[in-house]
1. Are there GluC sites (Glu not before Pro) in the stretch 331-429 that DSSP marks as loop and that have at most 11 other Cβ atoms within 10 Å, and which are they?
2. Once you sort the root eigenvalues of the Cα gyration tensor of the stretch 34-169 as a ≥ b ≥ c, which label holds: rounded (a/c under 1.5), prolate (a/b larger than b/c) or oblate (the other case)?
3. Can you compute the FRET efficiency between Asp402 and Phe173 using 1/(1 + (r/R0)^6), with r the Cβ-Cβ distance and R0 = 41 Å? Round to the nearest 0.05.
4. Taking the Cα of Trp89, stepping 7 Å toward and past its beta carbon, and measuring to each backbone N in the stretch 120-145: which are under 12 Å?
5. Which of rounded, prolate or oblate describes the stretch 294-374 when judged by the alpha-carbon gyration tensor and an a/c cut-off of 1.5?
6. Below 13 angstrom from the Cβ of Trp176, what's the summed charge of the other residues (Lys, Arg +1; Asp, Glu -1)?
7. How high is the relative contact order of the chain? Use alpha-carbon pairs under 8 Å, at least six apart in sequence, and give a whole percent.
8. Grab the Cα-Cα distance for Lys145 and Asn69, subtract it from 0.36 nm times how many residues apart they are, and report the gain in nm with one decimal.
Amino acid sequence: MARATLKFTPGFLWGTATSAHQVEGNNTLNDWWAWEQQPGHIYKNQSSGIACNWWENAEEDFDRAAEMNTNAHRLSVEWSRIEPEPGKWDDSALDRYRQMVSGLRERGIEPMVTLHHFTNPMWLAEQGGWENPDVVTLFARFARKVVETLGEHVSLWCTLNEPIVLATQSYGFGRWPPGKRSRKAMRRVVVNQLRAHAAAYEAIKEAQPDARIGLAKNMIAVSPARPAWIHRPAARAVRYTFNEAFLLALRDGALKFPGSRTIQLPEVKGSLDWIGVNYYSRYFGRFDLLSPSSFFINASPPSDPERSPAPGWGETYPRGLFENIRYLWETLGLPIYVTENGIPDHEDKKRPAFLLESLKALWDAVNYSWPIRGYFFWSLVDNFEWSEGYDPRFSFGLIEVDFETQERRWRPSGRLYAEICAANGFSSDMAERYAPEVLGRLFPGSPPE
């Protein structure tokens, strides 16, 4: 049997990721909390409630992250806690976040802080949220305040999480607050996100010149549905709209969506020190006569449910991580972090194999000498999964959470990840013990299961 260990570069960041609203609990002053109180928005009309109780007790999970041998963690700060009213800062909330990031440092874990992870203060939502052009200066002001407070412990900043996901879910499909369905509103939001990111970049650099600033861009793998010769143009359109348009705007200073005029945004050029990729799955682009609002084009999960880990989720396709990293490097030429990568899998039957195959794709990319700085698995713990709430089919944690008792249980994938982080790589022995079904694919020459 082939025996090997695939090592990563010295100093590689091995981390996990969470977001404030999904783990802190009782974020009652933001638009998501208000959205949760309205029937029909969340799985079984659930509300986030105390979530994982991080506002009171994050440090216990930080201890688990340290036990997992991670040396980095990506977390977000909740804007509505820090600025509960326009221009009014809550020093106690800032102190709590200072405790969190310093607590991570004390455990040998470098924090990456995300400034916006989907939620808005209610006062901002009432002013139009991301449709209001004033959000640009308001977000920059917020970013400056956070960096001035936490900069002693943080140098790695992520301005926005998945801007196109927010724009499409909240303003295109109407599934998230404020529940709009308007292409024009969606385009306004994307423009304001770009400008807000650039304004925050400048504000952060003024407060902390040595800061390293990027954003987390969700990327999907896209293939044409069958027959491919018919649907290939649709797949290209999906890939461009969802994956590429926002990034090209940051590179070129101009935003172009299909069917709309080009918007010049010269101020956003040069506003990235690194780029983050959130990658989960593959979808299939197709022409669809029932989708006139999206120019008769859509992206769908595979028709075979066995290829998808949860209802409506895309196809499990770890190789797509390599494909998207290659695109990011060729397009932007910047250092890259995998800021999220994971799979919904309550029983933890698929996650070990997914983790190992994803890391094989990442290792291949590292060996092209592309500047990949770190990997953040989503997620450290199960959490409130937005519209899916606490649906167990959408459990992402390396550590399981019982939301009735707040008890934690390590999943086998958590133990596997602990070994990976300690070794700065993964081995055929790990694959044989945790996911023998992929051993032969990861290490050719190994016998099949």
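Throughout, read-outs are computed from the coordinates displayed, never taken from laboratory work. Worth saying up front: this structure is predicted, and the values here are computed from it rather than measured. Neighbour counts run over all protein chains shown; Cβ positions are idealised from the backbone, glycine included.
1. In loop regions of the stretch 331-429 (DSSP not H, G, I, E or B), the sparsely surrounded GluC sites (Glu not before Pro) are Glu347, Glu404.
2. In terms of gyration-tensor shape, oblate.
3. The computed FRET efficiency comes out at 0.80.
4. Flagged as within label range: 141-145.
5. Details: a/c = 2.65, a/b = 1.34, b/c = 1.97.
Oblate shape, in that a/c is at least 1.5 and b/c is the bigger or equal ratio.
6. -2
7. Dividing the mean separation by the residue count of the chain yields 18 percent.
8. Separation in residues times 0.36 nm, less the Cα-Cα distance, equals 24.2 nm.
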